[in-house]
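Visitor: The structure's right below; bear with me while I get my questions together.
The values are calculated or read from the model by the stated rules, or taken from the named source; none is laboratory data. These numbers come from a predicted model, not from an experiment. Here the Cβ is made from the backbone with ideal geometry for all residues, glycine too, and neighbour counts use every protein chain on show.
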């Protein structure tokens with residue numbers, strides 16, 4: 001993945017809360033940029049049947065008239081275009097809504113997913129800050145879910161991961177969701193509903209704030225049933241390894257989600273998250289002997 005951060009200053013040196021550009025405005029800038037130079041990529045980024053291979057975030061600085069526009073690309077062709085066009089030095093100013101912004105600096109970060117996997121530790125307690133509203137479209141009802149329950153949060157991130165990664169381990173999403181249901185819960189939250197413009201007739205509403213997640217101790221009944229399904233006798237080493245690996249996947253997906261966003265309208269700046277681990281798996285959390 002490639003992360004690009006554009007540091008922008010307005011021509012009139014003012015950025016006010018009521019007229020700053022939302023994420024969907026930057027999405028329009030990217031589409032216009034591509035349509036002028038690489039129109040075949042526009043179709044790729046608008047493909048509804050696939051995970052859209054980019055995410056957007058914009059950070060409004062309160063103490064100075066500056067906006068950071070963050071674009072993360074998961075597609076090699078898109079990344080190459082962006083790098084080549086930027087290095088050509090043609091982009092010095094962006095028109096955002098009714099204002100022009102000068103690009104004062106562009107920073108690059110190459111995100112190595114394999115390295116993310118290798119550095120991850122099995123986490124058991126963590127906090128997630130939802131910096132922009134998050135919601136999930138589901139088949140459970142006619143309305144989106146605006147609260148980050150574990151199965152929706154990590155089910156969504158696992159889906160994005162499996163669509164994006166190449167030459168890196170994939171997740172068995174169905175088994176992972178079953179494990180999440182049996183082991184992960186929210187211990188506390190401070191969230192509220194918030195509206196966000198996305199360039200459509202109505203704004204969307206999502207949850208904004210913080211939630212704290214915890215992983216239960218090993219659910220012995222869950223593993224008994226899983227091993228029966230696999231027609232295997234109980235094996236505490238298998239249980240410990242599986243539990244530890246799933247705890248590690250939680251950290252991988254949380255750090256991954258800081259780049260991809262999560263939930264609906266990720267490409268309009270929705271679902272921006274920040275991950276804060278609290279404590280990790282310890283040796284005493286594992287099973288020391290076989291169950292009777």
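Here's the yes/no breakdown for (1) touching a residue at least 24 places away in the same chain (Cβ under 8 Å); (2) under 24 Å from the mean Cα position of the chain (by Cα):
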| position | (1), (2) |
| --- | --- |
| 54 | yes, yes |
| 63 | no, no |
| 78 | yes, yes |
| 83 | yes, yes |
| 92 | no, no |
| 104 | yes, no |
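Visitor: Kindly establish whether residue 243 is crowded, with 16+ Cβ neighbours inside 10 Å, in a strand (DSSP E or B) and touching a helix residue (DSSP H, G or I) at 6+ places or on another chain (Cβ under 9 Å).
Guide: no
Visitor: Please work out which one of (1) surrounded by fewer than 19 Cβ atoms within 10 Å (Cβ to Cβ); (2) in a helix (DSSP H, G or I); (3) in contact with a strand residue (DSSP E or B) (Cβ under 8 Å, 6 or more places away or on another chain) is the condition residue 194 fails and give its number.
Guide: For residue 194, the failing item is (2).
Visitor: Residue by residue through the stretch 111-131, note down the ones that are closer than 24 Å to residue 166 by Cα, touching a strand residue (DSSP E or B) at 6+ places or on another chain (Cβ under 8 Å) and modelled with pLDDT of 95 or more.
Guide: Of everything in the stretch 111-131, those that are closer than 24 Å to residue 166 by Cα, touching a strand residue (DSSP E or B) at 6+ places or on another chain (Cβ under 8 Å) and modelled with pLDDT of 95 or more turn out to be 121, 122.
Visitor: Next question. Looking at the stretch 222-237, is at least one residue in contact with a helix residue (DSSP H, G or I) (Cβ under 9 Å, 6 or more places away or on another chain) and on the phi > 0 side of the Ramachandran plot?
Guide: No; the residues of the stretch 222-237 include none that is in contact with a helix residue (DSSP H, G or I) (Cβ under 9 Å, 6 or more places away or on another chain) and on the phi > 0 side of the Ramachandran plot.
Visitor: Considering only the stretch 266-275, I want to know if a residue exists there that is without any contact (Cβ under 8 Å) to a residue 40 or more places away in the chain, assigned to a loop (DSSP other than H, G, I, E, B), over 15 Å from residue 136 (Cβ atoms) and in contact with a strand residue (DSSP E or B) (Cβ under 9 Å, 6 or more places away or on another chain).
Guide: Within the stretch 266-275 (the criterion being without any contact (Cβ under 8 Å) to a residue 40 or more places away in the chain, assigned to a loop (DSSP other than H, G, I, E, B), over 15 Å from residue 136 (Cβ atoms) and in contact with a strand residue (DSSP E or B) (Cβ under 9 Å, 6 or more places away or on another chain)), the answer is no, since none of the residues qualifies.
Visitor: Please go through the stretch 276-292 and give me each residue that is at pLDDT below 90 and either in a strand (DSSP E or B) or surrounded by 17 or more Cβ atoms within 10 Å (Cβ to Cβ) (or both), ordered by number.
Guide: Of everything in the stretch 276-292, nothing turns out to be at pLDDT below 90 and either in a strand (DSSP E or B) or surrounded by 17 or more Cβ atoms within 10 Å (Cβ to Cβ) (or both).
Visitor: Need the failing condition index for residue 88 against (1) touching a helix residue (DSSP H, G or I) at 6+ places or on another chain (Cβ under 6 Å); (2) farther than 25 Å from residue 204 by Cα; (3) modelled with pLDDT under 75, just the number.
Guide: (1)
Visitor: Could you grab me the full set of residues in the stretch 202-221 that are surrounded by fewer than 18 Cβ atoms within 10 Å (Cβ to Cβ) and not in a loop (DSSP other than H, G, I, E, B)?
Guide: 205, 209, 210, 212, 214, 220, 221, listed by residue number.
Visitor: Residues that are surrounded by 14 or more Cβ atoms within 10 Å (Cβ to Cβ), touching a residue at least 40 places away in the same chain (Cβ under 8 Å) and within 15 Å of residue 26 (Cβ to Cβ): does the stretch 108-131 have at least one?
Guide: Checked the stretch 108-131: no residue is surrounded by 14 or more Cβ atoms within 10 Å (Cβ to Cβ), touching a residue at least 40 places away in the same chain (Cβ under 8 Å) and within 15 Å of residue 26 (Cβ to Cβ).
Visitor: What pairs come out if I take residues in the stretch 199-223 that are under 19 Å from residue 154 (Cα atoms) and assigned by TED's automatic domain parsing to the domain that holds residue 26 and pair them with residues that are at pLDDT below 90 and buried (at least 17 other Cβ atoms within 10 Å of the Cβ) whose C-beta lies under 9 Å away, six or more apart or interchain?
Guide: So the pair list comes out empty.
Visitor: A further question on this structure: From the list 9, 18, 24, pick out the single residue that is outside any helix (DSSP H, G or I), modelled with pLDDT under 75 and either surrounded by 12 or more Cβ atoms within 10 Å (Cβ to Cβ) or not assigned by TED's automatic domain parsing to the domain that holds residue 264 (or both).
Guide: Result: 18 is the single residue among 9, 18, 24 that is outside any helix (DSSP H, G or I), modelled with pLDDT under 75 and either surrounded by 12 or more Cβ atoms within 10 Å (Cβ to Cβ) or not assigned by TED's automatic domain parsing to the domain that holds residue 264 (or both).
Visitor: Quick test of your reading of the structure: residue 106 fulfils all but one of (1) closer than 20 Å to residue 277 by Cβ; (2) in contact with a helix residue (DSSP H, G or I) (Cβ under 7 Å, 6 or more places away or on another chain); (3) assigned to a strand (DSSP E or B). Name the failing condition by number.
Guide: (1)
Visitor: For the subset of the stretch 153-168 comprising residues that are surrounded by fewer than 17 Cβ atoms within 10 Å (Cβ to Cβ) and either within 18 Å of the chain's Cα centre (by Cα) or assigned to a helix (DSSP H, G or I) (or both), which member is modelled with the lowest pLDDT?
Guide: That would be 166.
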